[in-house]
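Report on one structure; see the data block that follows.
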Amino acid sequence: MRAGTLRLLYEIEHRLPFNIVPSDVPDKDLVEVIEGEGVLPGRALDLGCGNCRNAIYLARQGWEVTGVELIGHALAAARRKTAAAGVSVNLVRGDASRLSDYPVGTGYSLIVDACCYHAIAAERRDDYAAEVTKAAAPGALMLMVAFAEQNTPGMNVTEEDLRNRFTGWELLQAAPMAPEELVQYFDGPKLAKKTLTNGRYRAWRYRLRRLPDAA
Ligand SMILES: C[S@@+](CC[C@H](N)C(=O)[O-])C[C@H]1O[C@@H](n2cnc3c(N)ncnc32)[C@H](O)[C@@H]1O
């Protein structure tokens, strides 16, 4: 599916009253990393930040966070949630595959992508990888959650896809996520949430490390 068509679909999807929306629960993997031994706060970039559930968690842990979000409706929710949480997150409306077009900057030691990359059209994924590589500091860690199977044809994310596109990165971990975990990260009508556990979507989590000499 083309990027313009996808954007229109996301604009509509975000406004549907029966749609599922991100919950306030931060990703388990992110919490494990951040609260792990020897991890000091730095600069984090949350791509497709949605309502900022992960960005808010990071800001509370002392990280300086930038959240990038394509859809204005989601960004408005992010502004409400960050204000209610009393944390500061630098929110940027933009396309994660065009980061250089916005005041995002570089030098991020942590990149979070929870269900954004799998929403990027195949034709924009090389640009996404190049832009993220530019924004990341050497040795940066990227935590990604992506669907290995979803409704939209040609959008599935595989280990091979990541290895081929993220050439300046090392894939440290790839593991399937249990539907019971995925469902915690969304709120919404029971019936809509069922789509997350009925096997139609298969989420995987990935950890990637930017190689120190990546261009
Ligand atoms: C399933 S939501 C997840 C939101 C958030 N990361 C979370 O886990 O709670 C995916 C988000 O990615 C955003 N998104 C999709 N394509 C994007 C793009 N090209 N650039 C930035 N954000 C994008 C969507 O608008 C949506 O808010």
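Coordinate-derived values only; no laboratory data. On a predicted model such as this, the values are computed, not experimentally measured, just so you know. Cβ atoms come from the backbone with ideal geometry, glycine included; neighbour counts cover every protein chain shown.
The table that follows gives values for the structure above.
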quantity	calculated
Placed amide H near Ala114: partners under 5 Å, 5+ positions off or other chain	Leu47, Val145
Radius of gyration, Dmax [segment 72-197; alpha carbons; angstrom]	15.7, 43
Eligible lysines near Lys190 by straight Cα distance, threshold 25 Å, same-chain separation 8 or greater	Lys28, Lys81
Amide H within-cut-off set for Ala140, under 5 Å, with H built and near neighbours excluded	Arg210
Within segment 40-79: backbone nitrogen closer than 11 Å to the Asn19 label point (7 Å, Cα to C-beta)	71-75
Phi-based couplings in Hz for segment 182-190 (Karplus 6.51, -1.76, 1.60; Gly and Pro marked x)	3, 5, 5, 8, 9, 10, x, x, 3
Cα-centre dipole for the chain with unit charges at Cβ (Lys and Arg positive, Asp and Glu negative), debye to 20	540
Per-residue HN-Hα couplings for segment 136-141 [Karplus 6.51, -1.76, 1.60; θ = phi - 60°; Hz; x = Gly/Pro]	7, 6, x, x, 4, 9
Cut-off 12 Å between beta-carbons: net charge of the residues surrounding Asp46, Lys and Arg +1, Asp and Glu -1	-2
For Ser109, Ser23, order by how many other beta-carbon atoms lie within 10 Å, fewest first	Ser23, Ser109
Ratio of Rg to Rh over segment 1-109 (Cα coordinates, Kirkwood Rh, two decimals)	0.98
Amide proton proximity set for Gly67, modelled H, under 5 Å, gap of 5+	Asp46, Asn90, Leu91, Val92
Filtered chymotrypsin sites (Phe, Trp or Tyr not before Pro), segment 125-201: DSSP coil and at most 13 other beta carbons within 10 Å	none
The chain, Rg to Rh (Cα coordinates; Rh as Kirkwood inverse mean 1/r)	0.93
Tensor-based shape of segment 93-147 (alpha-carbon gyration tensor, a/c under 1.5 rounded, otherwise prolate or oblate)	oblate
Proximal aspartates and glutamates to Lys193, defined as alpha-carbon separation beneath 14 angstrom and excluding residues fewer than eight positions away on the same chain	Glu180, Glu181
Net dipole in debye of segment 73-137 [+1 Lys, Arg Cβ; -1 Asp, Glu Cβ; about Cα centre; nearest 20]	360
Charge dipole of segment 1-136 about the Cα centre (unit charges at C-beta), most positive-ward option of Ala55, Leu8, Ala136	Leu8
